[in-house]
Structures are given as structure tokens and as C-alpha cells.
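A.B. asks: Dropping the structure in here first, questions after.
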Amino acid sequence: MAIQVICPGCRSTFTVSDKFAGQTGPCPKCKKPITIPTDAAKEVKIHGPEEEAARSGRGPVAPIVFVEHRVPKVVSVALVAGAVMTMLLAFAARMVWGPGGAPTWLLAATACIVAMPCAWAGYQVVRDRDLEPYFGRSLLLRTAICGAVYAGLWFVKGFLPPDLTNDMWPWVYIAPPFLVAGALAALATLDLDWGTGVAHFSLYVMFTALLRWLAGFMPV
């Protein structure tokens, strides 16, 4: 079970394993001492540096070490193989229907199918290594929600007038709202900050744009 902690110094929010309950250590970001609550079900109370020093009479003990949940090699290999297979299928669609001739339902299905794997892989790339990561069922649920939002943004893009999307220069004005929406989805589901949230969404956009290009469409 994970315990959510808020640093009193930089106000960063992160989770730690319940085996660290009751321990004191520096914040992974600002290094100010914090105390992990002993019961996650109770109200989380964070002791500031002055309060902790006065109570214990000494500085923080050894830093809290987060358990690194490494991605199994078989999962990484399967992900790479799936990405290569998807690109080959996109090129095959170009051969079957001609450049830019793949049906709309196929484009929509592809955007939805690759959304969750892209969200999962992107999280492994851009997440903060100083914080304990999400994993297991929690990570699957969060990446599923994030991926659904990403796929929904492609759906919204489909309603834009073709005159706006057939040329690249209008995207100077169109792209920022999409980037903000994608970053917000990453912030809400995966606790990323603005920079990594934009990078996370951009990974999905770049991969789907590559698939569109392979199928003979405009990348965006």
C-alpha cells in the first residue's frame, strides 16, 4: 500500500511504500526533512524542519530509499516488437488502399489501440526517477485513462475544418490548446509536471503522426 506525502517545503506530492511509515528523511526534490505518516488512513500530517528538529533534537536520518520497479525485459521487447509491427501495418494499409486512402474507422481504431501502450511507455521514459513510480494495476488504470484522453484529442482534431489541418502553418495556433490538454491529462493521471507532461503527450503525437505518414496521410 502506498502513502501519499506532501513536502512542507516545495509542496511536491509523491508516494512512498508503507514500509517507510514513521521514518524521517529529506524530500527527494528540495531535501527538506519530512516524516512519513504511520497510518495512511489517518490525516496526513507533515512535520516541518523546525518542528521536527525541536521534537527529536537532531537532523533527519538516512534518506528514504524508493524501491525501483524495473520493467521486465520481455515487456520491453514485446513493446518494441508491437511498435514495429504497427508501423509495418500502417505501411501495408498504404499499399492496400493507396496513399491516404485508409478508411476513417481504421485510423480511429489505431489511435485508440496505440494510446495506452504509448502512455505506459512514455511514463517509463519521462517519470521522475527520484519518486516512487506507479506500477501494477494502478499504473494500468492511470495509463488507460490518460491514453483515452489522448485518443479523444485525435477525435476532436477530426472535426476541425480540412482547410486548417491540411497545411502545417495553422498548427502554430492550433497545437498549443492540444498540448495543454494533453499535459493536463498527464498531470492528472500520472502526477507529471508541465514539462514532462508535454513531453509525454508529444511522444504519443509523434508516434501516431509517424503511422499516418507511413499510411500516406498528412502527419497531423
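A.B. asks: Need a quick list: helices (runs of 4 or more DSSP H) entirely within the stretch 153-220 having at least 1 residues that are free of Cβ contacts under 8 Å to residues at least 24 places away in the same chain, within 25 Å of Ser138 (Cα to Cα) and in the same structural domain as Asp130 (by TED's automatic domain parsing). I'd like the intermediate steps shown before the answer.
C.D. replies: Working: elements: 162-165, 171-190, 194-214.
Once the helices (runs of 4 or more DSSP H) in the stretch 153-220 are filtered for at least 1 residues that are free of Cβ contacts under 8 Å to residues at least 24 places away in the same chain, within 25 Å of Ser138 (Cα to Cα) and in the same structural domain as Asp130 (by TED's automatic domain parsing), what remains is 171-190, 194-214.
A.B. asks: Considering every residue within the stretch 90-103, establish whether at least one is closer than 30 Å to Lys31 by Cα and not in a helix (DSSP H, G or I). Give the steps one after another, and end with the answer.
C.D. replies: Of the stretch 90-103, the ones closer than 30 Å to Lys31 by Cα are none.
The answer is no, given that none of the residues of the stretch 90-103 is closer than 30 Å to Lys31 by Cα and not in a helix (DSSP H, G or I).
A.B. asks: Hey, does the stretch 92-103 have a residue that's closer than 30 Å to Ser17 by Cβ and of a type in the set (A, V, I, L, M, F, W, C)?
C.D. replies: The first filter runs over the stretch 92-103 and keeps only residues closer than 30 Å to Ser17 by Cβ, leaving none.
For the stretch 92-103, residues closer than 30 Å to Ser17 by Cβ and of a type in the set (A, V, I, L, M, F, W, C): absent.
A.B. asks: Quickly run through the stretch 117-146 and pick out the residues that are crowded, with 19+ Cβ neighbours inside 10 Å and polar (S, T, N, Q).
C.D. replies: Thr143
A.B. asks: Scan the stretch 74-104 for residues that are at pLDDT below 90, over 21 Å from Leu203 (Cβ atoms) and loosely packed, with under 11 Cβ neighbours inside 10 Å and jot them down.
C.D. replies: Val74, Thr104
A.B. asks: Could you please give the count of residues in the stretch 88-105 that are within 16 Å of Val220 (Cα to Cα) and among the aliphatic types (A, V, I, L, M)?
C.D. replies: Going through the stretch 88-105 one residue at a time, the tally reaches 2.
A.B. asks: List every residue pair whose Cβ atoms lie under 6 Å apart, where the two residues are 6 or more positions apart in sequence or sit on different chains, the first residue falls within the stretch 7-25 and is free of Cβ contacts under 8 Å to residues at least 60 places away in the same chain, and the second residue, located anywhere, is among the aliphatic types (A, V, I, L, M) and in a strand (DSSP E or B).
C.D. replies: Cys7/Ile34; Asp18/Ile3
A.B. asks: Next question, about the same structure. I need a count of the residues in the stretch 105-152 that are part of a loop (DSSP other than H, G, I, E, B) and at pLDDT below 90.
C.D. replies: Just the residues of the stretch 105-152 that are part of a loop (DSSP other than H, G, I, E, B), to begin with: 114, 127-135.
From the residues that got through so far, the ones that are at pLDDT below 90 too are 127-135.
The number of residues fulfilling the criteria is 9.
The values are calculated or read from the model by the stated rules, or taken from the named source; none is laboratory data. Here the structure is a predicted model, which means the values were calculated and not measured. Neighbour counts are summed over all protein chains in view; Cβ atoms, including those assigned to glycine, are modelled from backbone coordinates with ideal geometry.
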